[in-house]
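The values are calculated or read from the model by the stated rules, or taken from the named source; none is laboratory data. These numbers come from a predicted model, not from an experiment. Every residue, glycine as well, gets a Cβ built from its backbone with ideal geometry; the counts of neighbours run over all protein chains shown. Accessible surface is based on the protein model in full, side chains and every heavy atom, while ligands, DNA and RNA are left aside. Shrake-Rupley method; radii C 1.70, N 1.55, O 1.52, S 1.80 Å.
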Amino acid sequence: MAYYFEQPSRTFGEYLLVPGYSSSECVPDAVSLKTPLVKYRKGQEECPITMNIPMISAIMQSVSGPKLAVALAKQGGVSFIYGSQSIEDEADMIRWVKSYKKGFVTSDSNLRPDATLADVLALKEKTGHSTVAVTDDGSAHGRLLGIVASRDYRVSRMDLSEQVCTFMTPLEKLVTAPSTTSLKEANDIIWDNKVNSLPLVDEEGRLCYLVFRKDYDSHKENVKELLDANKSYVVGAGINTRDYAERVPALVDAGVDVLCIDSSEGFSEWQSRTIGWIREHYGDKVKVGAGNVVDRDGFRFLAEAGADFIKIGIGGGSICITRETKGIGRGQATAVIEVAKARDEYYKETGIYVPICSDGGIVQDYHVTLALAMGADFVMLGRYFARFDESPTNKVKINGSYMKEYWGEGSNRARNWQRYDLGGASKLSFEEGVDSYVPYAGALADGVNTTLYKVRSTMCNCGALSIPELQEKARLTVVSSTSIVEGGSHDVMLKNKSGN
């Protein structure tokens, strides 16, 4: 006879935190969100990788590209570059992030001199950047011919067919610097010459980077950026349980800091084989997370297999239809609560603390706080990060509103059969994800700062100044459907409001 769980599985939306005593020291700016990313002997050694914020990005084509990896590392989190691409392309993305020079921007707004004002406006709408590099071949590293900025044209007084070469600021009128210029020297040149951007060119006149005046203050503000021992940004990468013998060495050679097996279900021999191969060839030097699981047994299996962190969640993602198509999964809150208990049991038995990650089910910002209070060390987010400028998808206009494309790894668009295959045919037999749009939300830094301020504020309401203290002091209550209605605005007529 099948086993039946006595209690229903619940989602984050069915819980609320009950406030606790807050001392005068409990202010949001005093809250630390530092959290371990990989396993370690708690109380005996430092965690090899500690994040400054409890956020990682999902291993998805529509979420985790190299630009988002840099943007998230600047905030103190870690992005996991998607593995549903060729080994070479994924390794190149890792190299791009690891070699990224803080303050040195590779131009992603470039045109040929025979492009038109209409092309400039279209590019500005697509990228959101007002500075356009004009190169001989229209590439980011072509021979620099000029720069087009907002001051160079007036849409009301010019024909849209006018060519860029007629109104750009030509090279001979630009302030430039050699490609070997340091960031400090570049900033000095910008301030001394009162310019907004400084192109760095090599000996052959090819554009290498742009340094912007506006970035100076932002670099001073990124006090929580997550760096490795070489002062490069920390970045992760997704792997699968099929080509790991070829993919892992390439990613390690590219400089990846941490890996994660990207699979819809982690309680399997395939994952233990993958972890075992990594341990056999690299020992504990290469860090690898595993998952996903939803109960104590799944956690124990992966912890004993040697996983450095374990992801929780099946079917809770906004674009995931695994529960709908296969009838398998568990409410995210219930899964996190049970796995957190298993994590604590394992630590008491072994002295090894294996961090757990809540993956999926985050709809509102406060759900992040609930996940942490329930025991998660950090959360993995897909839809949340897909909305920002730095995600790799297109920004499109739908019914008058800007949206970003967002699709699941189990969709036909991603065709990531390795994530869902259980030893069968090398194809995606049926979809477990959808293709969709999400509301555009601007810059990642702005969105993350707003979300985490809410998290810190709620933690203060619970009298907690750190994530471990929150998990110790948190008091949670299940809410009724009527209470959920009561918790939102009701019995009023709302005025129009802007925002996401």
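Quick look at the numbers
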item	result
Cα gyration tensor, region 333-376 - rounded (a/c under 1.5), prolate or oblate	prolate
Pairwise label distance in nanometres, Asn449 with Glu125, each label 7 Å out on the Cα-Cβ vector	2.9
Computed Kirkwood radius, in angstrom, where 1/r is averaged over Cα pairs of region 240-388	15.8
Over region 1-57, equivalent-ellipsoid semi-axes from the Cα gyration tensor in Å	31, 24, 12
Area projected by the alpha carbon convex hull of region 95-209, averaged over all directions, nm²	7.5
Accessible area of region 1-116 divided out per residue, in Å², using a probe of 1.4 angstrom	47
Burial ranking of peptide ranges 453-462, 73-82, 280-289 (average Cβ count within 10 Å, highest at the top)	73-82, 453-462, 280-289
Rounded to 10°, Cα long-axis angle of helix 332-350 versus longest principal axis of the chain	70
The chain, accessible surface, carbon-and-sulfur percent (1.4 angstrom probe)	49
Length gained when the stretch Arg151-Thr180 is fully extended (0.36 nm per residue, less Cα-Cα span)	7.6 nm
Charge sum, other residues only, whose C-beta stays under 12 Å from Cys47's C-beta, Lys/Arg counted +1 and Asp/Glu -1	+1
Protection proxy ranking of 345-353, 379-387 - average other beta-carbon atoms within 10 Å, highest first	379-387, 345-353
More than 14 angstrom apart: percent of Cα pairs within region 31-98	63
Pairs from Lys67/Lys231; Lys101/Lys224; Lys102/Lys173 whose Cα-Cα separation, in the structure shown, is over 24 Å	Lys102/Lys173
FRET efficiency for Val18 and Ser480, using Cβ-Cβ distance with R0 set to 22 Å, rounded to 0.05	0.90
Degrees, to the nearest 10: 183-193 long Cα axis against longest axis of the chain	40
Mean accessible surface per residue for region 358-404, computed with a 1.4 Å probe while every protein chain stays in place, in Å²	33
For region 298-383: span of alpha carbons on each principal axis (Å, largest first)	37, 29, 18
Solvent-accessible area per residue for region 175-218 (1.4 angstrom probe, square angstrom)	58
Computed magnitude of the charge dipole of region 1-101 (debye, nearest 20; Cβ of K, R +1, Cβ of D, E -1)	260
Tilt relative to the chain, helix 117-127 - C-alpha long axis, 0 to 90 degrees, to 10	20
Expected-Rg normalisation [2.2 N^0.38 Å, Cα atoms] applied to region 1-144	1.59
Orphan Cys of the chain, criterion: no other Cys C-beta under 4.7 Å	Cys47, Cys165, Cys208, Cys260, Cys320, Cys357, Cys462
